[in-house]
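Data first, discussion second: the structure below is written as structure tokens.
None of the figures in this text is laboratory data; all of them are computed from the coordinates on show. Just so we're clear, the structure is a prediction, and the values are computed from it rather than from any experiment. No Cβ is skipped: glycine too gets one built from the backbone with ideal geometry, and neighbour counts run over all protein chains shown.
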Amino acid sequence: MDRRQALITACAVTLAALHAPRPAHAQDYPSRPITIVVPFSPGGATDVVARTIAEKLAQRLGKPVVVENRPGGGGAIANDYVRQRPADGYTLYAVATPFSTAPITNPAVHKYDPTVDFTPIVRTSEMVTVIAVSAALPVNSVSELVAWARANPGALNVATTGIGSSDHLLPIRIEQVAGVKFNYVHYKGSTQGVQDLLSGTVQMKYDALSSVRAHIESGRLKALALATERPSPIMPNLPTLQQTLPGVFTRTYTGLLGPAGMKPEVVALLNREVNALLQQPDVRARLGNLGLEPVENSPQEFSAYLKAHMQFQQDTVKRAGIVLE
């Protein structure tokens, strides 16, 4: 082959390579709008987190990021929808604690594994939760609550969102550790429980700080303790529940996932960008007002967290002696 023919051949090979179909890489992503699905109605903490991420992520990636609310079925509708979407990074899923507790507390409906049937991308925040009581209840600390409950067995009405829910399991754990007895009033949702706590129909409720903060600040409710594992800078003067009752706490979170089988390079890009935007002062302030603490973590750490959270929930259900069908 002479020099001229070799040059022509080399050019032909180069042109063929340039026009050959290429697999999608992180540098090609995103090339079109991204959708973040939320399994709840607009306005809640998870929805606000999703919309905050959507706004900032669009700025960072240069493509629109829209939020789509698909409530219903305790998250089942959104779960099924996301699972059926292509794993191309254009459908993301903003979730909260029920995502990894539902398969434990309601396995007949929620037949999925959070780390197998979805792709963990990043845990976005820890949710600050509190033990709130009626302002009329004559207690101002967990130790005083325990003393009052011991003196009045079965007289303290506790609001929950259903048997096996987090706000049911935590008070049961308090009963077991403190040697007290509560009376449970189960509601279909948190809002009615808060209203009855304000009216005095029930006297205690475990809830997200965002749900009761305004009532605590107005003096209509009292916050006795954080239900989180560690103290929180959002409520620096409030002790944790387990400072009085060791081992009694809950783990709550928000996070971002995608369908199973997403490309690692796309997951890594999204993880990096979301971690970065969560550190922006305005984002931290916005989430802080909801009682949420942004966290920084890898996809592997989020996956391990979800697995540990499911085991934690299984242990809690077993310890509580609840039989779930």
Quick one: helix 264-278 against the long Cα principal axis of the chain, what's the angle to the nearest 10°, folded into 0 to 90?
50 degrees
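Given a cut-off of 31 Å, name the pairs among 56/205; 111/222; 263/307; 181/222 whose C-alpha atoms lie farther apart than that in the structure shown. Write out the running numbers ahead of the final one.
Working: 56/205 34 Å; 111/222 38 Å; 263/307 21 Å; 181/222 21 Å.
Distance filter (> 31 Å) returns 56/205; 111/222.
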Estimated dipole of the range 74-124 in Debye, rounded to 20 [Cβ of Lys and Arg +1, of Asp and Glu -1, Cα centre]
60 debye
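Which value in deg cm²/dmol, rounded to the nearest 500, describes the helix-derived mean residue ellipticity at 222 nm for the chain, given -39,500 (n - 2.57) per DSSP H run of n ≥ 4 and division by the residue count? Don't skip to the end; give the middle numbers.
Working: 11 runs with 138 residues, N = 325.
Value at 222 nm, helices only, nearest 500: -13500 deg cm²/dmol.
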Rounded to 5, percent antiparallel among DSSP beta bridges of the chain
60 percent
With charges set only on the Cβ (+1 for Lys and Arg, -1 for Asp and Glu), what does the dipole of the range 129-227 come to about its Cα centre, in debye to the nearest 20?
40 debye
Inter-label distance, nm, simple model (7 Å from Cα along the C-beta direction), residue 201/residue 109
2.1 nm
Hey, for a label at residue 117 modelled as a point 7 Å past Cα toward Cβ, could you say which residues of the range 259-276 have their backbone N under 13 Å away?
259-260
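What is the fewest-to-most order of 263, 205, 181 by other Cβ atoms lying within 10 Å of their Cβ?
181, 263, 205
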Compute the distance from the alpha-carbon center of the range 30-82 to that of the range 251-325, in whole Å.
15 Å
Inverse mean reciprocal Cα-Cα distance (Kirkwood Rh) of the range 129-227, Å:
13.0 Å
Gap in Å between the Cα centre of the range 174-197 and the Cα centre of the range 107-141?
15 Å
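Can you give the charge dipole size of the chain about its Cα centre, rounded to the nearest 20 debye, using +1 on the beta carbon of Lys and Arg and -1 on the beta carbon of Asp and Glu?
In total the dipole reaches around 260 debye.
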Tell me the angle of helix 209-218 to the major Cα principal axis of the chain, expressed in degrees between 0 and 90 and rounded to the nearest ten.
50 degrees
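Given N residues in the chain, what is Rg(Cα) / (2.2 N^0.38 Å)?
Expressed relative to 2.2 N^0.38 Å, the Cα Rg reads 1.21.
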For the range 79-179, calculate the relative contact order in percent as a whole number, restricting contacts to Cα pairs under 8 Å that are 6 or more residues apart.
15 percent
Which of 268, 151, 78 fluctuates most in a GNM of the chain (C-alpha springs under 10 Å)? That residue is 151
Taking a label point 7 Å from the Cα of residue 63 along the Cα→Cβ vector, which residues of the range 85-106 have an amide N closer than 18 Å to it?
85-94
